[in-house]
1. If you roll a 1.4 Å probe over the range 13-76 with all protein chains in place, what percent of the accessible area is carbon or sulfur?
2. Tell me, in nm to one decimal, what length is gained between residue 102 and residue 78 on full extension, where the rule is 0.36 nm per residue of separation less the Cα-Cα distance?
3. Give the relative contact order (percent, whole number) for the range 52-126; include only Cα pairs under 8 Å separated by 6+ residues.
4. Applying 1/(1 + (r/R0)^6) with R0 = 25 Å to the Cβ-Cβ distance of residue 112 and residue 86, what FRET efficiency is obtained, to the nearest 0.05?
5. If you add up the charges near residue 73, with Lys and Arg at +1 and Asp and Glu at -1, over every other residue whose beta carbon is less than 11 angstrom from its beta carbon, what do you get?
6. How large is the charge dipole for the chain, taken about the Cα centre, if only the Cβ atoms of Lys, Arg (+1) and Asp, Glu (-1) carry charge, to the nearest 20 debye?
7. Going by amide H atoms built from the backbone, whose H comes under 5 Å of the H on residue 40, apart from near neighbours?
8. Calculated FRET efficiency, residue 33 and residue 121, Cβ-Cβ r, R0 22 Å, to nearest 0.05?
Amino acid sequence: KNAFQSWSPHLVYVEGGNTFWLQHCIAKGNWSNDIIAACTGFDAAVYCGKSAGAISAGALVETATWKGWDDPSIVPGMETYQDWKSIPGLSLAGESVSFFPHMSDEWNDLSKQKIKELNEDNEQSS
C-alpha cells in the first residue's frame, strides 16, 4: 500500500489466475481504493490486467462466470457462480464496461447472450 502512495507508479500490472480469488484478495486487503486512486486522475498509472486482472478492472466480475473456467468455491461464502452475480469490479473503464478476456469465435454466441442478460438486468434495476 505504501508503494501506491509514495512511488506514484506509472504502471499497475495485475496478473491472471482465479478471478474469484483475486477479487477476494483485493477486497480483503482493501486494495480497491488504492488501485483506483493510482489509475485515475491527472497523473494516473496505466492499469494492465492479464486475464483475471482484466476482469477485475471491469464494472462487474460476473464475466468470470461465463465460461466456467474459474472455480468460485475457493472463496468461503461465495462458492457458487450465482454468488458472483452483480459483484462489482474496479470500474476503471466506466460503470458499464466489463471485460471478457480470451475471446474467440467459439464464445460469440455465449457472449452475445450474456451481454443481453446484463443489459436486461441493468434495465430492471434502473
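The values are calculated or read from the model by the stated rules, or taken from the named source; none is laboratory data. Note that the structure is a prediction, hence the values are computed from the model and not measured. Virtual Cβ from ideal backbone geometry, glycine too; neighbours counted across all protein chains shown. What goes into the accessible areas is simple: the full protein's heavy atoms, side chains included, and nothing from ligands, DNA or RNA. Shrake-Rupley method; radii C 1.70, N 1.55, O 1.52, S 1.80 Å.
1. On the way: 1770 of 3030 Å².
C and S fraction of accessible area: 58 percent.
2. On the way: separation 24, 0.36 × 24 = 8.64 nm, distance 2.38 nm.
Here the segment from residue 102 to residue 78 would lengthen by 6.3 nm.
3. Details: 82 pairs, mean separation 29.1, N = 75.
Contact order relative to length: 39 percent.
4. Details: r = 20 Å, r/R0 = 0.79.
So, using R0 = 25 Å, E works out to roughly 0.80.
5. Values: positive: none; negative: 70, 71, 79, 83.
Computed value for this residue: -4.
6. On the way: 8 positive and 16 negative charges, 69 e Å.
Result for the chain is approximately 340 debye, rounded to the nearest 20.
7. Answer set, sorted by chain and number: 45.
8. Values: r = 26 Å, r/R0 = 1.17.
The calculated FRET efficiency here is 0.30.
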